[in-house]
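The values are calculated or read from the model by the stated rules, or taken from the named source; none is laboratory data. Predicted model, so just to flag it, every value in this text is computed and none were measured. Cβ: placed from backbone, ideal geometry, glycine included. Neighbour counts: every protein chain shown. For accessibility, only protein heavy atoms count, side chains too; no ligands or nucleic acids. Shrake-Rupley method; radii C 1.70, N 1.55, O 1.52, S 1.80 Å.
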Amino acid sequence: MTGPVTGPVTGPVTGPVTERGLRARVTQEVAEVIATRRVGAYQHITLVAPGVAELARPGQFVALAVGGESSGTLLRRSFSIHKVSPSGTYGGTVEIVVSAVGAGTRWIVDRAPHDTIDVVGPLGKAFPLPTDPVACVLVGGGYGSAPLFWLAGELRERGCHVEMVLGAASEDRLFGVVEARRSCDGVTVTTDDGSAGQQGWVSDVLPDIIDRTKAGVVYGCGPMGMLESITRVADDHGAVAQVAVEESMACGIGVCMTCVMPVVGSDGRTRMVRSCVEGPVFRGDRVRWDAFDGGHARVPDDAVGAPKVGGH
Amino acid sequence: MVDLSVDLGGGHRLPNPLMTASGCAANGKELHRFFDVSDLGAFVTKSVMADPRSGRGTPRMAETPSGMLNSIGLQGPGIEAFVDEDLPWLQSVGARVLPSIAGSSSTEYAHVAATLRASRAFDAVVGVEVNISCPNVANRGLVFACDPMASAKVIALVREQLPRDVPVFAKLSPDVTDITAIAAACVKAGADGLTMINTLLGMVIDTDRMRPQLGGVTGGLSGPGIRPVAVRAIWQVRQAMFEGRIPTVPIIGVGGVRTGRDALEMVAAGASAIQVGTVVFNDPSAPVRVLRELCELLEAKGYDHFTDAVAVAHGR
Ligand SMILES: Cc1cc2nc3c(=O)[nH]c(=O)nc-3n(C[C@H](O)[C@H](O)[C@H](O)COP(=O)(O)OP(=O)(O)OC[C@H]3O[C@@H](n4cnc5c(N)ncnc54)[C@H](O)[C@@H]3O)c2cc1C
Ligand SMILES: Cc1cc2nc3c(=O)[nH]c(=O)nc-3n(C[C@H](O)[C@H](O)[C@H](O)COP(=O)(O)O)c2cc1C
Ligand code: FES
């Protein structure tokens, strides 16, 4: 690209002030990487992003541009916010945990301290917090545990008993076992291959933990299949599931309609809703798991505006 | 200071030529968190049909070099909800609105236009964009925009529904043998302007699964990768206007604009206004940034009026 002033604007963008005097709840800022370190199979990255740090709540995510200002990779990559420190030594910081799976995430994990990354956030809806100090179980699959420690802290501040279940394919794909032991009242680890904790899936250990703690809420973040089984187990054991989903997102800000999934609304009707703005956290029992196949969602026949037989 | 204002017909002088692109900006609220949508020349809304539509299943997107494919399936709330909620909101923040309408039959387009006209917020409408890149159920799903007769019929019916001072823009598809033939048919049927271009039909195969990557199999290609196609289409149609083969009407350029330079390129090819679509996904405030950059470029080149730069590359 040879344009004169390419690339996104620098510095925090604070949206227009509306009649009600509300400030925008989202910012775009060019964030400096101040720390990056390997943690098992993942890269733990700390970014100076005071605008995001000030506004974010647990369960929200950030969208990072990849490849620099003139990059041919246009679409941003989304990451759960692992932690924020609104008034750190460097100004507010935001931490993310990245699994390098493709070209975009590889570019991100290759950033060195003092490199910059363009960040938009915080995006999406946060985990809802219970008004009463009920027991909660937090279930993270792989890097899906990233947003749960911050959530655990907030729940314990409200007097909730908090237990965590961390599951992954193997030990190197677990994230935050030590931190979990520090920030929770109980921790259970499962791996598919038995390289750490109990061999098996999180759904194998979850029923007993819900029953023992009389948990009212199960929070989950991880692969879709895991979120479906967490929802089923929570339902069967009298708890509400709140799950953070992961759908392919072109914009992350609610304008493109690529990130939709079938979710039942308060009126009992199913709609294809945007997981970037109406999610990523949904009540598990509202998600139409029956419409998912291999991670892809069909439009259920009873969804609002579903194609009729013979075309629209 | 460059005079950026432009008149696209109907006596609505727009303060500047920058717009959002249909389907890349939703209906305003989301982007209003990043910039004031009333700073745009006009806000172009997501194409709306008569009834609510769920759109297609997922995956709905695939990334491509300098762009993406999308297969949304025109998900939307339907025209009733649009005129009850979205249009009044845009009016309340002072936006000038260019609603995009769609249909699967020419009568559906006419019905959507008539409902729009009856809206209490119709004052905010500075024009209507007709997305004719929709399958025509009456013709085995052939896209209207690929057939001059079908395109003309839709435009004529929509034109009848709207007051004279509301210009109608036909949004053309580049997936045709001769875009000037479709442009001519639309203008003769009453289009007051043309928007060029919609996405190009494309496809990606996921080589892990050895299956099409998109739920809808094929999708629309957009982003900087298609910009030369848009510039070519605008150039050809503008050339046909100079040659008298098509009556001269304003062209709104869209397709891959990322910077002020890209916008200026389209203007030089013949566009009187510019829409920024896919690049918003990369930079949410891109439309206002492109406007600022375009203004700086025009100033550096010594233009006093934006409109003086329109079609200059034709050297006439
Ligand atoms: C709300 C949310 C939170 C997430 N949190 C984390 C996190 O904390 N840590 C982490 O490592 N990853 C997280 N992901 C997944 C991460 O966004 C993808 O792994 C990443 O986009 C892949 O990009 P790539 O270029 O490396 O892969 P490629 O496969 O080359 O990407 C191609 C395209 O597909 C999209 N894509 C591919 N895989 C995914 C996926 N799993 N989810 C969404 N989009 C995908 C990409 O955005 C890109 O547009 C999250 C995703 C979402 C939606
Ligand atoms: C996700 C997405 C949705 C779109 N939806 C519509 C639509 O509803 N109506 C329409 O006329 N064009 C639609 N378009 C096409 C754009 O308005 C635009 O013509 C095209 O993407 C080329 O411009 P760009 O490269 O700047 O995006 C859509 C494009 C994308 C990427
Ligand atoms: S990612 Fe664009 S609407 Fe959700």
Most mobile of A:P133, A:P262, A:P223 in a GNM of chain A (Cα contacts under 10 Å): A:P133
Residue-count net charge about A:K308 - beta-carbon cut-off 13 Å; Lys, Arg +1, Asp, Glu -1: -2
Theoretical FRET efficiency, 1/(1+(r/R0)^6), r = Cβ-Cβ of A:D267 and B:W89, R0 22 Å, to 0.05: 0.55
Antiparallel DSSP beta bridges within the protein assembly as shown, as percent of all bridges there, nearest 5: 55 percent
FRET efficiency, 1/(1 + (r/R0)^6) with R0 35 Å, evaluated for B:S38 and B:R232 via beta carbons: 0.60
Computed FRET value (nearest 0.05) for B:D165 with A:R181, which takes r as the C-beta separation and R₀ as 56 Å: 0.20
DSSP bridge orientation in chain A - percent antiparallel, rounded to nearest 5: 60 percent
Bridge type composition, region B:182-316 - antiparallel percent by DSSP, nearest 5: 55 percent
Approximate shape of chain B as ellipsoid semi-axes (Cα gyration tensor, √5λ), whole Å, largest first: 26, 23, 21
Within-13-Å neighbourhood charge of B:V137 [Cβ basis; K, R +1; D, E -1]: +1
Where only alpha carbons of region B:130-187 are counted, the Rg and the Dmax (Å): 11.2, 35
Cα-based Rg / Dmax (Å) for region B:97-251: 16.5, 54
Cα gyration tensor of region B:1-81 - equivalent ellipsoid semi-axes, whole Å, descending: 28, 18, 12
Total accessible area lost when A and B pair, probe 1.4 Å, Å² to nearest 100: 4100 Å²
Simple spin-label estimate for B:V312 and A:D293 in nanometres, 7 Å along Cα-Cβ: 5.6 nm
Accessible area of chain A divided out per residue, in Å², using a probe of 1.4 angstrom: 41 Å²
Most positive-pole-ward Cα, A:Y219, A:G200, A:S170, against dipole of region A:151-275 from beta carbon charges: A:Y219
Rg/Rh for region A:89-236, where both radii come from Cα atoms and Rh is the Kirkwood radius: 0.99
Theoretical ellipticity at 222 nm over chain B - DSSP helices of four or more residues, -39500 (n - 2.57) apiece, nearest 500: -8500 deg cm²/dmol
Distant-in-sequence amide H partners of B:V44 (H built 1.01 Å from N, under 5 Å): B:T20, B:L98
Shielding score for B:140-147, defined as the mean number of other chain Cβ atoms within 10 Å: 0
Where the Cα pairs of region B:180-314 fall when distances are cut into 10 Å bins, in %: 12, 36, 31, 15, 5, 1
In region B:188-283, the trypsin sites (Lys or Arg not before Pro) that fall in loop regions by DSSP, at most 13 other Cβ within 10 Å: B:R209, B:R245
Estimated distance in nm for a label pair at B:V217 and A:E171, the labels positioned 7 Å out from Cα along Cα-to-Cβ: 5.0 nm
Region B:125-173 versus region A:108-151: alpha-carbon centroid distance in Å: 46 Å
Projected label distance in nm at A:D132 and B:A81, using a 7 Å step from Cα toward the beta-carbon: 3.5 nm
Angstrom value of the Kirkwood radius, inverse mean 1/r, which spans all Cα pairs in chain A: 20.3 Å
Under the Debye formula (equal points on every Cα, no solvent term), log10 I(q)/I(0) of the protein assembly as shown at q = 0.05, 0.10 Å⁻¹: -0.23, -0.89
Hydrodynamic radius (Kirkwood) for region A:122-162, which is based on Cα pairs only, to one decimal in Å: 10.9 Å
Test item: B:22-34 mean partner chain Cβ contacts at 10 Å: 5
Charged-residue dipole, Cβ positions (Lys, Arg, Asp, Glu), chain B about Cα centre, Debye nearest 20: 560 debye
